[in-house]
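J.: Mind looking over this structure? Questions follow.
The values are calculated or read from the model by the stated rules, or taken from the named source; none is laboratory data. What you see is a predicted model, and the numbers here were worked out from it, not measured in a lab. As a convention, Cβ positions derive from the backbone with ideal geometry for all residues, glycine included, and neighbour counts pool all protein chains shown. Protein only, heavy atoms only, side chains kept; ligands, DNA and RNA dropped before computing areas. Shrake-Rupley method; radii C 1.70, N 1.55, O 1.52, S 1.80 Å.
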Amino acid sequence: MTIERLTPGSDLQAYPPAERWDDWPEYDVKQWPRRVEKRYLLVPTICFNCEAACGLLAYVDKETLRIRRFEGNPLHPGSRGRNCAKGHATINQINDPERILHPMRRAGRRGEEKWERVTWDEALDDIAARIRKAFVEGRQNEVMYHVGRPGHERYIERVLKGWGIDGHNSHTNVCSASARLGYQLWTGSDRPSPDHANARFILLLSSHLETGHYFNPHAQRIIEARMRGAKLAVMDPRLSNTASMSDYWMPTQPGSEAAVLLAMARVILSEGLHDREFVRRWLNWEEYLREEHPGSPATLDVFIERRLDLYAGFTPEFAEAESGVPAATIVEVARQIAAAGPAFAAHVWRGTASGNLGGWQVARALQLLSVLVGAVGTPGGTSPASWNKYAPKLFAEPPAQRFWNDLLFPREWPLAHYEMSFLLPHFLKEGRGRLEVYFTRVYNPVWTNPDGFTWMEALSDESKVGCHIALTPTWSETTIFADYVLPMGHAGERHDVQSQETHAGVWVSFRQPVLRAARERLTGEKTRYTHETNPGEVWEEDEFWIELSWRIDPDGSLGIRKWFESPYRSGEKVTVEEYYRWMFENSVPGLPEAAASAGMAPLEYMRRFGAFEIKKDTYALHETPLAPAQVQGAEVDAATGVIRKGGAAMGVMIDGVARQGFATLSRKLEFYSRTMKDWKWPELALPGYIHSHVHPEGIDPARGEFTLLPTFRLPTMIHTRSGNAKWLNEISHRNPVLIHTSDAARLGVATGDLVKVSTEIGYFVNRAYVTEGIRPSVVACSHHMGRWRLSERGGSRWAAALVTIDRREDGVWKMRHVEGVGPFKSDDPDSSRIWWREAGVHQNLTFPVHPDPVSGMHCWHQKVRVEKAGPDDRYGDVEVDTRRSMEVYRRWMAMARPGPGPGNLRRPLWLARPVRPAEEMFTAPACDTV
Ligand code: SF4
């Protein structure tokens, strides 16, 4: 997408050139046909609406000092000037008449939605006093931070380490933990980084081109590859926009994807299409033979034979029977992948990995294809994400915390890839702990997570959660249960740095408060706090945490304050300016030099241009030879070739040369995972196929049973925050249940009819949408809709229905829509023009938790019964029994194989863990070992 604009006195421009960002003239469109010129200051920032961190340029009217709109930043190496609708809609979020402008404190019972305005000082002092008391009394594990949208690099990790606590919780186990574990086991890096632009064949297991992970940066590169002739294959039970643009759409039976991938691997191996040399050098096949077939000759041919034996059952015909994808298509795609060889790019992130029991094995099976055809670290292949992501050094690094919080990493899931976040209310209800101070940061677990009524039960109970602080730009279903609602900025209202693995290169980008930066550039006037230039008293977390930390430890006696002192002014409070100044001066390779050649300091350079490219073409890093100085004093393991220094693996001998390798224990790509064997899952030591909890063998179509896909995204929606973007709501405002024509005929259902969808713990009532774009026997409903509010003013009236919630005496919860969406009066005249009436249905409330016994990921897919709604059922009805949801929780937990593992460890030392505690904390306490 190219933005072309006629500017006064110039030719057509693709983008305003950077040298003119200080003074960019345009005609005011609202004055048309009069030609009235406006002058803008263009200030870069980065989008905060999804993870991709695309560049934005804010157009600041120099006369009014108001932001007029957001467009793309052409200097941003990831997004290259392009944005999706959500990036442009940032202006809606900023001008939203429904947004929170001031710090608010609860004035009634929790959940009653009575609020009073307080000052930032009052809020900070109260919260700091509670935290200080907990720390002084040794209750560090009662302070927890829970993030929805992160959008920063290491900032909060440093804060929590500065406080010395194990208190980081995230949303990752309802998002991507499953795929992450699969990739981590193979490469030691928990994300893939496909080089889509240079690929000849691309295989996507969810709708990345349209809506997925790194949506816009990936989409534009996939399109580039397609324009050069690359082929695209998509495995997705639903005909997504991405699938509709593919050469091969494989509408798999949900959960069968690993079977299809293993069948493809078998085709490649049995037809000798694999890259033998790559496999010989970089796969840990010798370790596999040594451990599992000690009597066999240690040759590659024996390994290939064993693998063919191992995967003998995965014939294309078997895969067809499991998945519904024709065997001929499976064979054809496998051959195409082999033909692309090193230029085969592949990706699974959410989709099947996040939907199914054992979804992490799908990522392993997919990576197996990349390894077999030698498409790892190559142009057009897929690299470990750590090669393409910048991680900043910070001006002072607090030591690792000496606590282990079992509410985050309990013993049942020693391999959980991220915190068991969605089970927090279940743990609290079981009495595993309590929280004195609980921060939710841009996070709406009541609406986003499964089993939202159980969240409500826990958050309403002050004996379980002492003080809940919602750091959020918007009212939400979760702020209802907060004690403080503290307004935080959107993109263009906050500082962060962000880097993402969008392609084979490394970049860093800078989010900044646009009006603060504009005022400083135009007037030279310095601002102490970002809330002085944002709307109302909207602040940013960076400054909030500095202020809070000083108030927790005002005299420095807790050892906390020192981490929040300036690197430039000894003993004084660090400013956000100094924090980023130090980072850009000391920790971004090449930036100081580039800034100097532009006649700027590094911070000024980033404020001006918003992004910096650190490296290009990051290919084949595993082949990097280790320099003699690096290996001096190192030891080489005679059996494995692993090079260790100070006990840590740093490389591997390959054909007599010391090379960097991968970040695994063997420094090779780990087809065979010793970790899985050592941690009680020997049968899953290799990539394999696990029957999903929604495998057809457990679903009876004659009883109206289906598999429900509740995970798919709408391209124009974020999560909670799209509720405050009027353009996005106008485009998308319903989430009907997609049902195949044949199934609809069987049930006697037409588009628009109400259907009742029953899960294990309750039901929801929604409209049907009859389509050929979904596999028969599967129904699908997007999770983006179904926003609700309990009071006339609470939440976003662009998106949320007014509902009542009742809890019957038997403990069953019932939600009913009272009023949908409609026009309302506000400062924005568009609010009186709302023409849509429905808000969608909140299906996630009816989902019990399904923690995968290995990865800990919530397995989103549901076995449901679908029927025509009855006379008493109304659109939006939801009913749930949370006692049943606790039973389902316990049933799934019983499948886990608890730690400790070898060496009495709570978790393998080598496995990544967010905000990693000190090593001794990995040892389980004595009571866990009996
Ligand atoms: S893909 Fe869209 S929402 Fe995501 S960062 Fe880019 S512009 Fe923003």
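J.: Treating only the Cα positions of segment 523-625 as identical point scatterers, give the base-10 log of I(q)/I(0) from the Debye formula at each q in 0.10, 0.13, 0.22 Å⁻¹.
T.: The calculated log intensity ratios at q = 0.10, 0.13, 0.22 Å⁻¹ are -0.43, -0.67, -1.18.
J.: Can I ask one more? Restricted to Cα positions, what overall size does segment 688-765 have along the principal axes? Three whole-Å values, descending.
T.: Here the Cα extents, ordered largest to smallest, are 43, 39, 24 Å.
J.: How many angstrom lie between the C-alpha centres of segment 19-98 and segment 218-270?
T.: 36 Å
J.: Right, another one. If you build the convex hull over the alpha carbons only and average its shadow over all orientations, what do you get for segment 626-680? Give it in nm² to one decimal.
T.: About 4.2 nm², averaged over all directions.
J.: Can you flag which of K389/K668; K231/K863; K393/K726 are past 27 Å Cα-Cα?
T.: Going by Cα-Cα distance, K231/K863; K393/K726 fall outside the 27 Å limit.
J.: Could you give the accessible area per residue of segment 447-597, probe 1.4 Å, as a whole number in Å²?
T.: Normalised by residue count, the accessible surface of segment 447-597 is 26 Å².
J.: Based only on the alpha carbon positions, what is the Kirkwood hydrodynamic radius of segment 93-198, in angstrom?
T.: That comes to 17.9 Å for segment 93-198.
J.: Taking the solvent-accessible surface of protein heavy atoms with a 1.4 Å probe, what is the per residue accessible area of segment 663-804 in Å²?
T.: 33 Å²
J.: Then there is this: Grab every C-alpha pair in segment 282-357, bin the distances at 10 angstrom width from 0 up to the longest one, and report whole percents.
T.: Taking every Cα pair in segment 282-357, the percentages come to 15, 28, 40, 17, 0.
J.: Quick one: P(r) of segment 571-659 from all Cα-Cα pairs, 10 Å bins, percents rounded to integers, in order of increasing distance.
T.: Calculated over all Cα pairs of segment 571-659, the distribution is 14, 28, 18, 24, 14, 1 percent.
J.: Further question on the same structure: Projected onto the charge dipole of the chain (+1 at Lys/Arg Cβ, -1 at Asp/Glu Cβ, origin at the Cα centre), which of W798, V770, G698 gives the Cα projection farthest towards the positive end?
T.: Value: W798.
J.: So for segment 231-303, what are the equivalent ellipsoid semi-axes in whole Å, largest first, each being the square root of 5 times an eigenvalue of the Cα gyration tensor?
T.: Largest first, segment 231-303 gives 34, 14, 10 Å.
J.: While we're looking at this one, here's another question. Assigning unit charges at the beta carbon (Lys, Arg +1; Asp, Glu -1) and nothing else, what dipole magnitude in debye, to the nearest 20, does segment 673-718 show about its Cα centre?
T.: Approximately 240 debye in magnitude.
J.: Quick check on packing: order 24-33, 258-267, 819-828 by the mean number of other C-beta atoms within 10 Å, highest mean leading.
T.: 258-267, 819-828, 24-33
J.: Something else: Where both residues lie in the chain, what percent of DSSP beta bridges are antiparallel, nearest 5?
T.: 65 percent
J.: Of the accessible area of the chain, with the probe set at 1.4 angstrom, what percent is carbon plus sulfur?
T.: 51 percent
J.: Moving to a separate point now. Excluding R767 itself, what net charge comes from residues whose Cβ is under 10 Å from its Cβ, given Lys and Arg +1 and Asp and Glu -1?
T.: Local charge sum for R767: -1.
J.: Can you tell me the dipole magnitude for segment 262-303 around its Cα centre, using point charges on the Cβ only (Lys, Arg +1; Asp, Glu -1), in Debye to the nearest 20?
T.: Dipole of segment 262-303, to the nearest 20 debye: 80 debye.
J.: Let me ask something additional. Which translational diffusion coefficient, to the nearest whole µm²/s, is obtained for segment 754-906 from the Stokes-Einstein equation, given a Kirkwood hydrodynamic radius over C-alpha pairs, 4 °C and 1.567 mPa s?
T.: 72 µm²/s
J.: Which aspartates and glutamates have a Cα less than 16 Å from the Cα of K814, not counting those fewer than 8 places away in the same chain?
T.: D451, E457, E477, E760, D806, D872, D873, D877, E879, D881
J.: Sticking with this structure for a sec: Using the per-residue mean of other Cβ atoms lying within 10 Å as a proxy for protection, in what order, highest first, do the peptides 701-714, 884-897 fall?
T.: 701-714, 884-897
J.: While we're here: Express as a percent, rounded to the nearest 5, the fraction of DSSP beta bridges in segment 632-771 (both residues included) that run antiparallel.
T.: Counting only bridges with both partners in segment 632-771, antiparallel ones make up about 80 percent.
J.: Helix-derived [θ] at 222 nm for the chain: sum -39500 (n - 2.57) over DSSP H runs of at least 4, divide by residue count, nearest 500?
T.: Roughly -7500 deg cm²/dmol at 222 nm, from the helical runs in the chain.
J.: Can you give the Rg to Rh ratio for the chain, taking only C-alpha atoms and Rh from Kirkwood?
T.: Computed over Cα atoms, the ratio is 0.95.
J.: Cross-link partners among lysines for K429, C-alpha distance below 20 Å, same-chain residues fewer than 8 apart left out?
T.: Within reach: K464.
J.: Give me, ordered by chain and number, the residues 5 or more places off F439 or on other chains with an amide H under 5 Å from its own placed amide H.
T.: Sorted by chain and number, the residues that satisfy this are M144, Y145, H146, I469.
J.: Just for the Cα atoms in segment 618-723, what are the lengths along the principal axes, largest first, rounded to whole Å?
T.: 67, 40, 23
J.: Still on this structure: Roughly how many whole Å is it from the C-alpha centroid of segment 765-808 to that of segment 153-176?
T.: Spelled out, the Cα-based centre of one part sits 31 Å from the other.
J.: Would you mind putting 392-399, 323-330, 234-241 in packing order, based on average other-beta-carbon counts within 10 Å, highest first?
T.: The most tightly packed comes first, giving 234-241, 323-330, 392-399.
J.: Could you pull the Cα extents of segment 742-797 along its three principal axes, largest to smallest, in whole Å?
T.: 43, 24, 17
J.: What's the Kirkwood radius of segment 432-550 in Å, using all Cα pairs?
T.: Hydrodynamic radius (Kirkwood, Cα pairs) of segment 432-550 is 16.4 Å.
J.: List the equivalent ellipsoid semi-axes of segment 94-145 in whole Å, largest first, each obtained as the square root of 5λ for an eigenvalue λ of the Cα gyration tensor.
T.: The answer is 27, 13, 12 Å, longest axis first.
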